[in-house]
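Colleague: Below is the structure I would like to discuss, written out as structure tokens.
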Amino acid sequence: MNTESASDFDYDLFVLGAGSGGVRASRISSGYGARVAIAEEHRVGGTCVIRGCVPKKLLVYGAHFAEDLNDAAMFGWDIAARRFDWPVLRDNVMAEVGRLEGLYGETLSNHDVTLFKNRAVLTGPHSVRLDDGRTITAGKILLAPGARPALPDIPGVEHAITSNDVFHLESMPKRVVIAGGGYIANEFAGIFHQLGAHVTIVNRSDTILRGYDEQIVDRLVKTSLAKGIDFRFNASFDALERRDDGTVICKMNGCDDIEADQVLFAIGRLPNTEGLGLEELGVELTERGAVKVDEHYRSTVPSIFAVGDVTDRIQLTPVAIREGHAFADTQFGDKPCTVDYNCIPSAVFSHPPIGSVGMTEGEAKNKLGVIRTYTSDFRPMKYVLAGRNERALYKIVVDESSDKVVGVHMIGPDAPETLQAAAIAVKAGLTKADFDATIALHPTMAEELVLMR
Ligand SMILES: Cc1cc2nc3c(=O)[nH]c(=O)nc-3n(C[C@H](O)[C@H](O)[C@H](O)COP(=O)(O)OP(=O)(O)OC[C@H]3O[C@@H](n4cnc5c(N)ncnc54)[C@H](O)[C@@H]3O)c2cc1C
Ligand SMILES: NC(=O)c1ccc[n+]([C@@H]2O[C@H](COP(=O)([O-])OP(=O)(O)OC[C@H]3O[C@@H](n4cnc5c(N)ncnc54)[C@H](O)[C@@H]3O)[C@@H](O)[C@H]2O)c1
């Protein structure tokens, strides 16, 4: 164990925030023999487990039944009564979240990590104060407080909700307006639409899902439009007004005003650094309030570190987990390491979902010059029988000079599941010839990956 952890502190490590990064860092550090405590102000598990990836994905599954039940008729199923009960789905999802929260708590106690169910703020380079007044000292402090939804500074913003509230709605709204064109906007557009709401996505520019391959995003927009999701591009909100009947009037700039029963703001997430006492201690923050760290997650104060969303780089759970693990290995395991940020796969759980790894076509052209692309634009077999006129699109981007596959991008049923496997090939630097040499697994959609010529 690193000699910097002095025994005159209460703990060797104090972690602020029991989410994806904080829980991993604590249990690995404790495994190396460190005396570890963690503070959590809300619920153990953090954003991903409590109000992010997990409940979101369960809602995606729940919403998908709408299409599956429609398609079932052509497969011989006569399902007469089709009624959706939002409180049943909501409560079952919340019960599962509660179960997982319990498991995360058990993981901490099984690893001898002391859990304080309190908000913590820093009072020194080695000390924190809990909201019940207790002060605790530690050799090292790890900041893993995550991020929170951003909200615009407009009159009536209190009439809108964020992703934090969306899992607890009393009833399913009939008309939903979603601000933003990123992950959350597109995922919840799919969920609300499938569950029967009319959805309008409002984006301030004409580009949604920036960073994803343009052709794939274009397919999502076209498919969403065909399903009945509306878009307003180059539009922004001037104000929100609530009528007595509960309707929210969106006063718009760049398009006509819109009436909604629920307005969801999904315009990005800001690092949770406010009020933590960081600047007073000399912890440097970026303009957006993120903690600046070096490659070993050390802030500008040597005993204070940060991982995950609070560093405002790649806001994904597996990244926060890897960073937490690398921190523990480096600081308490005598195994200095960093995270390799190259080729991180990502998915948008929209309807249909997107999976992506490596360079987009545009990015590869800019960085590599001469490239080849291969696409497969096909109607999945099950959709043909169901009479569903929806197409999947797979794209492979190849570096002409080395034949290496530098990017795989997909939209279609279960694309994220297939993409995870394809990401291994891209990460390993396999060539298009390696893809071609692989015999197809028939009949699957994924076989398109080895059949593109
Ligand atoms: C709706 C939604 C869907 C998402 N879906 C996905 C997905 O499908 N895949 C994916 O990879 N990522 C997804 N994400 C992103 C993912 O949830 C985050 O990247 C991840 O949770 C970040 O982990 P973290 O450890 O940095 O912070 P968090 O998991 O947010 O944990 C931070 C914890 O710190 C606590 N805390 C904050 N301040 C204090 C304090 N002062 N004292 C004590 N405790 C404090 C918070 O309550 C929280 O529990 C989603 C996010 C959202 C909002
Ligand atoms: N499937 C997943 O992995 C997943 C799912 C949900 C969230 N997340 C993570 O959570 C983060 C937050 O999600 P998100 O969808 O809120 O953010 P995002 O960064 O994906 O998208 C934000 C969108 O809001 C727009 N925007 C930003 N500021 C605005 C403003 N002032 N007014 C109007 N529009 C504005 C942006 O142009 C962009 O389209 C993501 O970056 C992602 O890393 C991941």
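Colleague: What are the equivalent ellipsoid semi-axes of the stretch 114-234, built from the alpha-carbon gyration tensor (square roots of five times its eigenvalues), in whole angstrom, biggest first? Let's see the in-between values first.
Modeller: Values: eigenvalues 308, 65, 36 Å².
The equivalent ellipsoid of the stretch 114-234 has semi-axes of 39, 18, 14 Å.
Colleague: May I pose another question? Once you have the alpha carbon radius of gyration of the stretch 228-385, what is it after dividing by 2.2 N^0.38 Å, with N set to its residue count? Can you show the working numbers first?
Modeller: Numbers: Rg = 22.2 Å, N = 158, 2.2 N^0.38 = 15.1 Å.
Computed over Cα atoms of the stretch 228-385, the ratio equals 1.48.
Colleague: Still on this structure, I have one more. Check which residues have an amide H placed less than 5 Å from residue 371's amide H, if you skip close sequence neighbours.
Modeller: The answer is 400.
Colleague: Right, here's the next one. Of all DSSP beta bridges in the chain, what percent run antiparallel (nearest 5)? Walk me through the numbers before you get to the answer.
Modeller: Details: 44 of 72 bridges.
Around 60 percent antiparallel, to the nearest 5.
Colleague: Can you run phi through the Karplus equation (6.51, -1.76, 1.60; θ = phi - 60°) for the stretch 399-406 and list ³J(HN,Hα) in whole Hz, with x for Gly and Pro?
Modeller: 3J(HN,Hα) across the stretch 399-406, in whole Hz: 6, 4, 6, 10, 6, 6, 7, 9.
Colleague: Here's another thing I want to ask about it. Among the aspartates and glutamates, which fall within straight-line cross-link reach of residue 432, defined as a Cα-Cα distance under 16 Å, with same-chain neighbours fewer than 8 residues apart omitted?
Modeller: 361, 399, 400, 403, 447, 448
Colleague: Explain nothing, just the number: dipole magnitude of the stretch 352-450 about its Cα centre with +1 on each Lys and Arg Cβ and -1 on each Asp and Glu Cβ, in debye rounded to the nearest 20. Intermediate values should be presented prior to the final figure.
Modeller: On the way: 11 positive and 13 negative charges, 37 e Å.
The dipole magnitude comes to about 180 debye.
Colleague: Check each of the GluC sites (Glu not before Pro) in the stretch 1-93 and keep only those in coil by DSSP with at most 12 other C-beta atoms within 10 angstrom; list them in order. Can you show the working numbers first?
Modeller: On the way: sites: 4, 40, 41, 67; in loops: 4, 40, 41.
Answer in residue order: 4.
Colleague: Just grab the label-to-label distance for residue 379 and residue 91, each label 7 Å out from Cα along the Cβ direction, in nm (one decimal).
Modeller: Result: 4.2 nm between the two label points.
Colleague: Please identify the longest segment of the chain free of exposed chymotrypsin sites (Phe, Trp or Tyr not before Pro), where exposed means a DSSP state other than H, G, I, E or B and no more than 14 other Cβ atoms within 10 Å. Don't jump to the answer; show the numbers that get you there.
Modeller: Details: sites that count: 77, 341.
Answer from the scan: 78-340.
Colleague: Taking a probe of 1.4 Å, how large is the accessible area per residue of the stretch 352-450, in Å²? Don't jump to the answer; show the numbers that get you there.
Modeller: Details: 4550 Å² over 99 residues.
Result: 46 Å² of accessible area for each residue.
Colleague: So how strong a dipole does the chain carry about its Cα centre when Lys and Arg Cβ are +1 and Asp and Glu Cβ are -1, to the nearest 20 debye?
Modeller: Working: 47 positive and 62 negative charges, 122 e Å.
Roughly 580 debye, rounded to the nearest 20.
Colleague: Quick one: which residues, 5+ away or cross-chain, put their amide H under 5 Å from the amide H of residue 147? H built at 1.01 Å from N.
Modeller: HN-HN under 5 Å from residue 147: 272.
Colleague: Report, to the nearest 10°, how far helix 86-110 tilts away from the longest principal axis of the Cα atoms in the chain, using its own Cα long axis and a range of 0 to 90°.
Modeller: 30
Colleague: Step through the table entries 57/251; 140/292; 382/427; 292/335, compare each Cα-Cα distance with 20 Å, and write down the pairs that go over it. Before the final figure, lay out the partial values.
Modeller: Numbers: 57/251 32 Å; 140/292 16 Å; 382/427 31 Å; 292/335 22 Å.
In this structure, 57/251; 382/427; 292/335 exceed 20 Å between Cα atoms.
Colleague: How big is the convex hull of the Cα atoms of the stretch 85-163, per residue, in Å³?
Modeller: 164
Colleague: Pulled fully out, how much extra length does the chain show between residue 130 and residue 225, if you take 0.36 nm times their separation in residues and subtract their Cα-Cα distance?
Modeller: Details: separation 95, 0.36 × 95 = 34.20 nm, distance 4.94 nm.
Gain on stretching residue 130 to residue 225: 29.3 nm.
Colleague: List, in order, the whole-Hz ³J(HN,Hα) value for each residue of the stretch 179-191 obtained from phi through the Karplus relation with A = 6.51, B = -1.76, C = 1.60 and θ = phi - 60°; use x for Gly and Pro.
Modeller: 8, x, x, x, 4, 5, 4, 6, 5, 6, 4, x, 4
Colleague: Which of the trypsin sites (Lys or Arg not before Pro) found in the stretch 228-260 are loop residues per DSSP with 12 or fewer other Cβ atoms within 10 Å of their Cβ? Can you show the working numbers first?
Modeller: Numbers: sites: 232, 242, 243, 251; in loops: 243.
Listed in order of number, the matching sites are 243.
Colleague: When averaged across all projection directions, what area in nm² does the alpha-carbon convex hull of the chain cover? Mind showing how you got there, number by number?
Modeller: Details: hull surface 97.9 nm².
Mean projected area for the chain: 24.5 nm², to one decimal.
Colleague: So what is the calculated 222 nm ellipticity per residue for the chain, using -39500 (n - 2.57) for each DSSP H run with n of 4 or more, over all residues, to the nearest 500 deg cm²/dmol? Walk me through the numbers before you get to the answer.
Modeller: Working: 13 runs with 146 residues, N = 453.
Value at 222 nm, helices only: -10000 deg cm²/dmol.
Colleague: Taking a threshold of 19 Å on the Cα-Cα distance, which of the pairs 367/404; 227/395; 365/395 fall above it? Provide the component values of the computation, followed by the final result.
Modeller: Values: 367/404 14 Å; 227/395 23 Å; 365/395 14 Å.
Checking Cα-Cα distances, 227/395 exceed 19 Å.
Colleague: Unpartnered cysteines of the chain (Cβ-Cβ under 4.7 Å counts as a partner)?
Modeller: 250, 255, 337, 343
Colleague: Could you tell me which trypsin sites (Lys or Arg not before Pro) in the stretch 107-209 are loop residues by DSSP with no more than 16 other beta carbons within 10 angstrom of their beta carbon?
Modeller: Working: sites: 117, 119, 129, 134, 140, 174, 175, 204; in loops: 117, 119, 134, 174, 204.
Answer in residue order: 117, 134, 174.
Colleague: Which percent of the accessible area of the chain is formed by carbon and sulfur heavy atoms (probe 1.4 angstrom)? Numbers along the way, then the final one.
Modeller: On the way: 10460 of 20820 Å².
Percent of accessible area from carbon and sulfur atoms in the chain: 50.
Colleague: Once phi is turned into ³J(HN,Hα) by the Karplus curve 6.51 cos²θ - 1.76 cosθ + 1.60 with θ = phi - 60°, what whole-Hz value does each residue of the stretch 415-432 show in order, with x for glycine and proline?
Modeller: Along the stretch 415-432, the couplings run 3, x, 5, 5, 4, 4, 6, 5, 4, 5, 5, 5, 4, 6, x, 5, 9, 4 Hz.
Colleague: Restricting to Cα atoms and excluding each atom paired with itself, what does the Kirkwood estimate give for the stretch 326-451 in Å?
Modeller: Details: mean 1/r = 0.0632 Å⁻¹.
One over the average 1/r among Cα pairs gives 15.8 Å for the stretch 326-451.
Colleague: In terms of modelled amide H atoms, which long-range or inter-chain residues lie less than 5 Å from the amide H of residue 198?
Modeller: Long-range HN contacts for residue 198: 175, 176.
Colleague: How large is the charge dipole for the stretch 157-267, taken about the Cα centre, if only the Cβ atoms of Lys, Arg (+1) and Asp, Glu (-1) carry charge, to the nearest 20 debye? Could you put the intermediate results ahead of the total?
Modeller: Numbers: 11 positive and 17 negative charges, 59 e Å.
In debye, rounded to 20, the stretch 157-267 gives about 280.
The values are calculated or read from the model by the stated rules, or taken from the named source; none is laboratory data. Remember, predicted model here, so these are calculated numbers, not experimental data. Virtual Cβ from ideal backbone geometry, glycine too; neighbours counted across all protein chains shown. For accessibility, only protein heavy atoms count, side chains too; no ligands or nucleic acids. Shrake-Rupley method; radii C 1.70, N 1.55, O 1.52, S 1.80 Å.
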